[in-house]
1. Stretched out fully, how many nm does the piece from residue 139 to residue 126 gain, at 0.36 nm a residue minus the Cα gap?
2. Please arrange 1, 32, 98 by counting, for each residue, the other beta carbons lying within 10 Å of its beta carbon, fewest first.
3. Could you give each residue of the range 64-81 its phi-based ³J(HN,Hα) in whole Hz, using Karplus coefficients 6.51, -1.76, 1.60 with θ = phi - 60°, and x for Gly or Pro?
4. Between residue 65 and residue 156, how many nm apart are label points set 7 Å from Cα along the C-beta direction?
5. Would you please give the residues with an amide H less than 5 Å from that of residue 66, counting only those at least 5 places away or on a separate chain, with H modeled from the backbone geometry?
6. Note the direction-averaged projected area, equal to a quarter of the hull surface, for the Cα convex hull of the range 18-170, in nm².
7. So what is the diffusion coefficient of the range 47-95 in µm² per second by Stokes-Einstein at 10 °C and 1.306 mPa s, using a Kirkwood Rh over Cα pairs?
8. May I ask you to evaluate 6.51 cos²θ - 1.76 cosθ + 1.60, the Karplus curve with θ = phi - 60°, for each residue of the range 88-94 and list the ³J(HN,Hα) values in order in whole Hz, giving x for glycine and proline?
Amino acid sequence: MHDSITGLILAGGASRRFGADKARAAVEGRTMIARVFEAVSAVTEEVLVSVREGGEDYGLPGVRVVEDAVPGAGPLAGLEAGLRACRTPWLLVVACDMPFLTPDALEAIIRRRTPGLDAVVAQTPDGRLQPLCACYATRILPVVEARLRSGRRSMRGLLERLGAVRVAPLPEAPLRNVNRPGDLGGNVV
């Protein structure tokens, strides 16, 4: 467990493609958000949950809920809320729709942090970056705020703007995200 990093689970999305609150969808007997929480809380001392205005803690023990200050601005607004609330130099950001994440996969990202880096981002074997499974230095808050103010809300655009980004190659399985019920295959219970 790392005391220099705070966890942030992004759970403020509208789940339009899923058709219901995907954080609550059960995978192998547990909700997606509970599975993600288990992985994140195994490697960080504090876990934040980013939600839309009026959101809830999903019954997760000991989490601090942070609300998006810019409604409808997507994951970048959740990142901003998390960075504002963070009391450590680093924020581990994970989407709530990654129910197959493991503490080992998160450790692989965390271990690649070094002073001077702005971010460490997971990368799938085919080269795709996963900005919603990454560590961000809390000092990037002014960059995130400026991007939100100017309407540039792309997480990939944020990565391009940051000065020093390191990639953490990971296997595909723990990075699998769920956008539609069919993405779960036979894992739904």
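Read the figures in this text as sums done on the coordinates, not as results from a lab. The model shown is predicted, which means the values in this text are computed figures rather than measured ones. In this analysis, Cβ positions are derived from the backbone assuming ideal geometry, glycine residues included, and neighbour counts consider all displayed protein chains.
1. Computed gain between residue 139 and residue 126 is 1.7 nm.
2. Least to most surrounded, the residues fall as 1, 98, 32.
3. Per-residue couplings from phi come out as 10, 8, 10, 9, 4, 7, 10, x, x, 8, x, x, 4, 5, x, 4, 4, 4 Hz.
4. Going by the 7 Å Cα→Cβ label model, 3.3 nm.
5. Amide H neighbours of residue 66: 49, 50, 51.
6. Convex hull of Cα atoms, orientation-averaged projection: 9.1 nm².
7. Rounded to a whole number, D works out at 144 µm²/s.
8. After applying 6.51 cos²θ - 1.76 cosθ + 1.60, I find 10, x, 10, 10, 8, 10, 9 Hz.
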